[in-house]
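Heads up: the structure comes next, in C-alpha cells.
The values are calculated or read from the model by the stated rules, or taken from the named source; none is laboratory data. In this text, all values refer to a predicted model and were calculated from it rather than measured experimentally. Heads up, the Cβs are rebuilt from the backbone with ideal geometry, glycines too, and the neighbour counts pull from every protein chain shown. The area values use the complete protein model at the heavy-atom level, side chains included, leaving out ligands, DNA and RNA. Shrake-Rupley method; radii C 1.70, N 1.55, O 1.52, S 1.80 Å.
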Amino acid sequence: MEYTQLTSGILVRRYKRFLADVRLASGEEVVAHCPNTGSMRAVNVPGCRVWLSPSHNPARKLAWTWEWIELPMPGPEPALVSVHTGRANAWVEEALSTGRIAELAGYTALKREAKVEGARLDFRLTDARQTTHVEVKQVTLREDDGHGYFPDSVSERGRRHLESLAARVAMGERAVLLFCVAHTGIDTVAPAAHLAPAYAETLRRVAAQGVEVLAYGVSVTRDTAGVPCQAMLTRRLPVDLERQPPGA
C-alpha cells in the first residue's frame, strides 16, 4: 500500500470513538477521523507523533484521517502502529495476491467477504485442491512484557468468528485465522487471556480442532524525509497460544 501526502502532528486526544484532535506542526489544531472502533489500548497515547492522510472529497465533513501513531520503544527508533483498521484486509489481500503468505499461496480464486452459515468471513480462497476460509484480525496491542496480544478488549464478535472457522473445518474445509500485526514493535502474538478470557479459551479450542493460526507483520518504508510512504505484510511471526499474559 502506497501512502502519499501524509502530514505529521501531535495527538491531543481521541474522543467519541471516531474523532481525534491533532496539533499540526504549524500549531493549527485539526479534527481527524479515527477509523478504529476498538479500545485502542496502549495505542491511544496523547503527546505522540501521528500521521494523517488528507481527504480530497469536498463533501466529506472531516478533511483528515488518522493513519499511524509513533510509540516509544526500548531501542532508538519508535514503533509505527496503524490505527486504521480498514487497512488490514487490503494488506492481506495484496500479500495473498503476490504469494507473500507462503501458507496461503497457489490459490486460483479469491472472494472477499465470503458468506458462510451464520457469519461472513474476510476471504475465501479456492482452487482444484480445496476451499479455504480466512478471517483477518488486526493486532496493535503490545503489553509491557514486549509481546503482542489480541484482542485489546472483550470481543464476542471475534469469538463467534472463531466458531465459524471451526465449523468450516468440521465440514472438511480449511480455515485460517490470520493475525495482521500492524505494529512494527511486535514480534510475537498471543491470545489476550487477561482482557478477553472467553476469546482466548475459544481460540485454543478451535486451534486444537484444526483451525490454523498465522501471524504476519507489517513492514513500513519511509521516504528520505522520514515520512511513511509504503506498508506491506512481510514478516512471518510466531503465535504462542499458551503464553500467559501480564498479571496472569
Where a ≥ b ≥ c are root eigenvalues of the Cα gyration tensor, a/c under 1.5 meaning rounded, otherwise prolate if a/b exceeds b/c and oblate otherwise, the range 82-125 counts as oblate
Rounded to the nearest 500, the 222 nm mean residue ellipticity computed for the chain from DSSP H runs (n ≥ 4, each -39500 (n - 2.57)) alone is -5000 deg cm²/dmol
In whole Hz, the Karplus estimates of ³J(HN,Hα) for the range 227-240 (6.51, -1.76, 1.60; θ = phi - 60°; x where Gly or Pro) are 8, x, 10, 8, 9, 7, 7, 9, 9, 6, 10, x, 10, 10
With every protein chain kept in place and a 1.4 Å probe, the chain has an accessible area per residue in Å² of 47
Under a Gaussian network model of the chain whose springs join Cα atoms within less than 10 Å, the largest fluctuation of 217, 106, 118 belongs to 118
For residue 53, the net charge from surrounding residues (Cβ-Cβ under 13 Å; K, R +1; D, E -1) works out to 0
Quick shape check on the range 127-226: root eigenvalues a ≥ b ≥ c of the Cα gyration tensor, a/c under 1.5 is rounded, otherwise prolate if a/b tops b/c, else oblate, and it reads oblate
Most fluctuating of 226, 210, 185 in the GNM of the chain (C-alpha, under 10 Å) is 226
Given unit charges at Cβ for Lys, Arg (+) and Asp, Glu (-), the dipole magnitude of the range 191-248 about its Cα centre in debye, nearest 20, is 60
Candidate span helices, the chain: DSSP H, at least 15 Å along axis from Cα coords, Kyte-Doolittle average at least -0.5, result 87-98, 197-208
With all protein chains present, the chain has a carbon and sulfur share of its accessible area (1.4 Å probe) in percent of 50
If every Lys and Arg gets +1 and every Asp and Glu gets -1 at its Cβ, then about the Cα centre the chain yields a dipole, in debye to the nearest 20, of 600
Looking only at lysines whose Cα falls under 28 Å of residue 137's and that sit 8 or more positions away or on another chain, we get 16, 111, 115
Which of (1) 13.3; (2) 14.4; (3) 15.5 gives mean projected area of the Cα convex hull in nm² as computed here? It is (2)
Rounded to 0.05, the calculated FRET efficiency for the beta carbons of residue 31 and residue 208 at R₀ = 51 Å is 0.65
If one builds a Gaussian network model of the chain from Cα atoms under 10 Å apart, the most fluctuating residue listed among 25, 207, 119 is 25
In terms of the alpha carbon gyration tensor, root eigenvalues a ≥ b ≥ c, rounded if a/c is under 1.5 and otherwise prolate when a/b exceeds b/c or oblate, the range 46-113 is oblate
